[in-house]
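This report concerns only the one structure given below.
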Amino acid sequence: MSSVLEVFNLKKYYLVRTGLFGRSAQVHAVDDVSFRVEAGETLSIVGESGCGKSTVGRTILRLVEPTAGEIYLDGWRVDTVPIQGMRRLRKKLQVVYQDPFSSLNPRLSVRDIVAEPLENFGMGQSRSEIDDQVADLLDKVRLPRDAMKRLSHEFSGGQRQRIGIARALAPKPDIIICDEAVSALDVSVKAQIVNLFTDLQQELGLALLFISHDLAIVEHLTHRVAVMYLGQIIEIGDRRTMFSAPKHPYTQALLSSIPIADPKAKRNRLVLNGEVPSPINPPSGCRFRTRCPQAFDRCAVEMPKLAQLRVDGHQVACHLHEGQSD
């Protein structure tokens with residue numbers, strides 16, 4: 001498979017004022033992140049709130065400018081393209097936002113919302129041709145065609161998210177970034193939207209970058225998982241290995257927190273001590289060491305690098321596993 005999206009050493013720092021005298025400090029929101037997404041694949045980025053996963057998505061979209069690093073979309077260098085030149089790339093790269101209530105204009109009809117990218121990218125010769133395309137897109141996201149005439153505020157949250165997905169599909173993108181796309185929905189609706197994403201991916205060959213903190217949802221949707229902690233990817237691998245045999249202590253703790261439907265089932269819950277350190281002043285060495293039950297002296301002085309453990313590309317950044325292979 002070929003890579004649709006490639007990210008190398010991505011960094012995003014924010015300058016903030018701190019303290020009584022307003023001294024300048026840098027927030028290390030994203031710090032040296034690298035990954036790729038193959039055609040037709042779903043890569044999920046997971047982690048606690050504030051770990052930098054949404055900032056990764058926003059930086060790839062150029063909604064915020066990267067501090068450093070390289071971003072390639074179908075071989076095109078995204079991070080160096082002038083903002084006015086991003087138009088041709090946005091057709092290939094679309095987004096579905098977290099909140100379906102604020103991401104759609106309540107004053108526009110569903111027809112106008114979904115038709116907007118078609119009109120912007122010149123994908124219809126006449127109004128009737130665009131109407132036909134909108135109707136087909138509504139079919140794809142399992143909404144009735146007569147929804148075209150209604151305003152977005154007349155729909156439920158799950159239906160609004162389907163409208164947002166139809167809008168993202170309109171320019172026929174190669175990859176869609178889903179930024180917490182199901183987190184604002186009810187449990188039953190979440191399952192419907194996840195099934196919809198899976199069906200659309202199989203039908204259209206879409207690549208998905210799925211950003212989420214909901215590991216139960218990720219397990220049913222993704223092909224590979226990247227785990228972030230305090231601005232860095234600390235483990236990345238295929239879904240089966242990540243959920244059955246995680247290597248990094250943080251990943252192990254994260255997965256142990258997934259609720260189990262069977263009340264009789266038992267799981268050894270790994271509870272982490274302390275709070276997540278500030279991204280303004282991250283710990284020296286391994287950033288997880290202040291909460292890691294297995295930390296040792298080296299962890300305080302040397303930052304571990306992502307190293308491959310398996311022939312399938314599984315990588316982990318942890319001194320405990322350096323020099324090991326499966």
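Every number in this text was worked out from the coordinates using simple rules, so none of it is lab data. This one's a predicted model, so the numbers in the text were calculated from it and none came from an experiment. Every residue, glycine as well, gets a Cβ built from its backbone with ideal geometry; the counts of neighbours run over all protein chains shown.
In this model, which of LYS11/LYS149; LYS172/LYS247; LYS53/LYS172; LYS91/LYS247; LYS11/LYS92 are farther than 32 Å apart at the alpha-carbon? Those over the limit are LYS11/LYS149; LYS172/LYS247; LYS91/LYS247.
The magnitude of the dipole of the stretch 144-258, with charges of +1 and -1 set on the Cβ of Lys/Arg and Asp/Glu and taken from the Cα centre, is near 220 debye. Each of ALA39, ILE280, PRO106 was placed along the dipole of the chain (beta-carbon charges, centred on the mean Cα), and the one lying farthest toward the positive end is ILE280. Each residue of the stretch 126-133 was assigned a 3J(HN,Hα) from its phi angle through the Karplus expression (A = 6.51, B = -1.76, C = 1.60, θ = phi - 60°), giving 8, 4, 5, 5, 5, 4, 5, 5 Hz with x at Gly and Pro.
Farthest towards the positive end of the charge dipole of the chain, among the residues VAL301, GLY158, TYR72, is the Cα of VAL301, using unit charges on the Cβ of Lys, Arg, Asp and Glu.
Between the amide H of LEU5 and those of VAL37, ASP74, distances stay under 5 Å, these residues lying 5 or more places away or on another chain, with hydrogens modeled in the peptide plane. Annotation note: chymotrypsin sites (Phe, Trp or Tyr not before Pro) in the stretch 14-60 located in DSSP loop regions with a Cβ neighbour count of at most 14 within 10 Å are PHE21.
Placing +1 on the Cβ of each Lys and Arg and -1 on the Cβ of each Asp and Glu in the chain, which of VAL96, LEU270, VAL316 has its Cα farthest towards the positive end of the resulting dipole? Ranked along the dipole, the leading option is LEU270. Which FRET efficiency value, to the nearest 0.05, is calculated for ALA39 and MET123 with the Förster distance at 30 angstrom and r the Cβ-Cβ distance? Working from the Cβ atoms, E equals 0.90.
Unpaired Cys in the chain, meaning no second Cys C-beta under 4.7 Å: CYS51, CYS178, CYS292, CYS318. Computed over the chain, the per-residue total of -39500 (n - 2.57) for DSSP H runs of n ≥ 4 gives a 222 nm mean residue ellipticity of -8000 deg cm²/dmol, rounded to 500.
Secondary structure note: in the chain, about 65% of the DSSP beta bridges are antiparallel.
Charge dipole of the chain (Cα centre as origin; +1 on each Lys and Arg Cβ, -1 on each Asp and Glu Cβ, all else neutral): 560 debye, rounded to the nearest 20. Loop-located trypsin sites (Lys or Arg not before Pro) in the stretch 72-127 (DSSP state other than H, G, I, E, B) with a sparse environment of at most 12 neighbouring Cβ atoms within 10 Å: ARG107.
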